[in-house]
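A quick write-up on the structure given underneath.
The values are calculated or read from the model by the stated rules, or taken from the named source; none is laboratory data. Predicted, not measured: the structure shown is a model, and the values here were computed from it. In this analysis, Cβ positions are derived from the backbone assuming ideal geometry, glycine residues included, and neighbour counts consider all displayed protein chains. Remember, those area values only see protein heavy atoms, side chains included, never the ligands or the DNA or RNA. Shrake-Rupley method; radii C 1.70, N 1.55, O 1.52, S 1.80 Å.
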Amino acid sequence: MKYLSTGLSFRNLAFSMRMGAFTIAKIVHETCQVIWEELVNGFMPVPTKEHWEKVSVEYNDKWGFPNCIGSIDGKHCQIKCPKQSGSSHFNYLKYFSLVLQGVADADKKFVIVDVGAREKNLPGTNIKVPHVLIGDEAYPLKPYLMRPFPSRVLNPAREYFNERLSRARKCIECAFGTLRAKWGLLRKDIEVSPKKAVVIIKCMCLLHNIIREKDGNSDVDYCNVMIDLQNNWENEGINSV
């Protein structure tokens, strides 16, 4: 534990403990591995529905923030340049690191951790950015979620970005449009309990995927939806792919 608490090098520890540096490194690695394997289920178990509900209550009680199941953030953990790593671990802060993503509960304990997630170069460049979702103006701008620039702050570069984002969002617009066209139930009230409706809706989404896999672009409902959407996109000035 001295290695974890002080950060002393294996060489320094080897000198003070009268052991070889390689032996110290092996002991540290094996000890940390055993600690994780033996204690993770007791102190960081896989969250259950009941656990998330408990965290939500505690966030409201302790911090006055309802419906919160955790606070998330990331940290670059600096590392020595790995052998033959190229620039794969080199971050925008100009040092080598592993990314630690963590979710904490209301008691500031980790609920979930993920170590080693990497950014990826944009195609044809050396610029590293995270993978993201894309949404429309209803969504907030997040490191993991891109949305259009507001119309009041547009310039040519931002207009181009908005056009590219809107074009990419056609996928979800078409999927929802085809789903609604194919399944009439989605054009009326689903007169079952919410719990049962969830199952029905998920089933329709699954069937949508099966039909797309089997019939592709020849499906009649898909074709009709694409014609309508294409007309709307043209009216909005969105170029098609």
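Within the group Arg180, Arg158, Arg167, which residue is at pLDDT below 85, surrounded by 12 or more Cβ atoms within 10 Å (Cβ to Cβ) and not in a strand (DSSP E or B)?
Testing whether each residue is at pLDDT below 85, surrounded by 12 or more Cβ atoms within 10 Å (Cβ to Cβ) and not in a strand (DSSP E or B) leaves just Arg167.
In the stretch 41-56, which residues are surrounded by 12 or more Cβ atoms within 10 Å (Cβ to Cβ) and among the hydrophobic types (A, V, I, L, M, F, W, C)? It would help to see each step written out before you state the result.
The first filter runs over the stretch 41-56 and keeps only residues surrounded by 12 or more Cβ atoms within 10 Å (Cβ to Cβ), leaving 44, 47, 51-52, 54-56.
Met44, Trp52, Val55, listed by residue number.
Of the residues in the stretch 154-191, how many are among the hydroxyl-bearing types (Ser, Thr, Tyr), over 21 Å from the mean Cα position of the chain (by Cα) and more than 21 Å from Asp215 (Cα to Cα)?
Keep residues of the stretch 154-191 that are among the hydroxyl-bearing types (Ser, Thr, Tyr), which gives 160, 166, 178.
Filter again for over 21 Å from the mean Cα position of the chain (by Cα), leaving 160, 178.
Pick out the ones that are also more than 21 Å from Asp215 (Cα to Cα) and you get 160.
Number of matching residues: 1.
Go through the residues of the stretch 132-155 one by one and say whether even a single one is open to solvent by less than 80 Å² (accessible area, probe 1.4 Å) and on the phi > 0 side of the Ramachandran plot.
No - not one qualifying residue is present in the stretch 132-155.
Checking the structure you have, find out if any residue of the stretch 102-122 is modelled with pLDDT under 85, outside any loop (DSSP other than H, G, I, E, B) and closer than 30 Å to Ser218 by Cβ.
no
So which residues in the stretch 1-23 are open to solvent by less than 60 Å² (accessible area, probe 1.4 Å) and not in a helix (DSSP H, G or I)?
Passing the criteria: Gly7, Ser9, Gly20.
Within 30 Å of Gln101 (Cα to Cα) and outside any helix (DSSP H, G or I), is that true of Glu191?
No, not satisfied.
Have a look at Pro130, Pro156, Pro148 and point out the one that is over 30 Å from Leu100 (Cβ atoms) and in contact with a Phe, Trp or Tyr (Cβ under 9 Å, 6 or more places away or on another chain). Spell out the reasoning first.
Numbers: Pro130 fails: over 30 Å from Leu100 (Cβ atoms); Pro156 fails: in contact with a Phe, Trp or Tyr (Cβ under 9 Å, 6 or more places away or on another chain).
After ruling out the rest, the residue left standing is Pro148.
Among the numbered conditions (1) touching a Pro at 6+ places or on another chain (Cβ under 9 Å); (2) open to solvent by 70 Å² or more (accessible area, probe 1.4 Å), tell me where Lys83 comes up short.
The one condition Lys83 does not meet is (1).
Quick one: would you say Asp136 is closer than 24 Å to Cys171 by Cα, touching a residue at least 24 places away in the same chain (Cβ under 8 Å) and in a loop (DSSP other than H, G, I, E, B)?
So Asp136 fits the description; yes.
Quick check: anything in the stretch 143-153 under 17 Å from the mean Cα position of the chain (by Cα) and either part of a helix (DSSP H, G or I) or of a type in the set (A, V, I, L, M) (or both)? Can you show your working first?
Of the residues in the stretch 143-153, the ones under 17 Å from the mean Cα position of the chain (by Cα) are 143-147.
Filter once more, keeping what is either part of a helix (DSSP H, G or I) or of a type in the set (A, V, I, L, M) (or both): 145-146.
Yes: one or more hits.
Scan the stretch 206-223 for residues that are under 28 Å from the mean Cα position of the chain (by Cα) and surrounded by 14 or more Cβ atoms within 10 Å (Cβ to Cβ) and jot them down.
Matches in the stretch 206-223: His208, Ile211, Arg212.
Got a sec? Which of Val46, Val28 is under 27 Å from Ala106 (Cα atoms) and β-branched (Val, Ile, Thr)?
Val46
Is there a residue being farther than 30 Å from Leu39 by Cβ and touching a helix residue (DSSP H, G or I) at 6+ places or on another chain (Cβ under 8 Å) anywhere in the stretch 108-127? Let's see the steps before the verdict.
Residues of the stretch 108-127 farther than 30 Å from Leu39 by Cβ: 119-127.
Subset that is touching a helix residue (DSSP H, G or I) at 6+ places or on another chain (Cβ under 8 Å): none.
No, every residue in the stretch 108-127 fails to be farther than 30 Å from Leu39 by Cβ and touching a helix residue (DSSP H, G or I) at 6+ places or on another chain (Cβ under 8 Å).
Would you confirm, using the coordinates I've provided, whether Gln33 is closer than 27 Å to Phe10 by Cα, polar (S, T, N, Q) and in contact with a strand residue (DSSP E or B) (Cβ under 8 Å, 6 or more places away or on another chain)?
no
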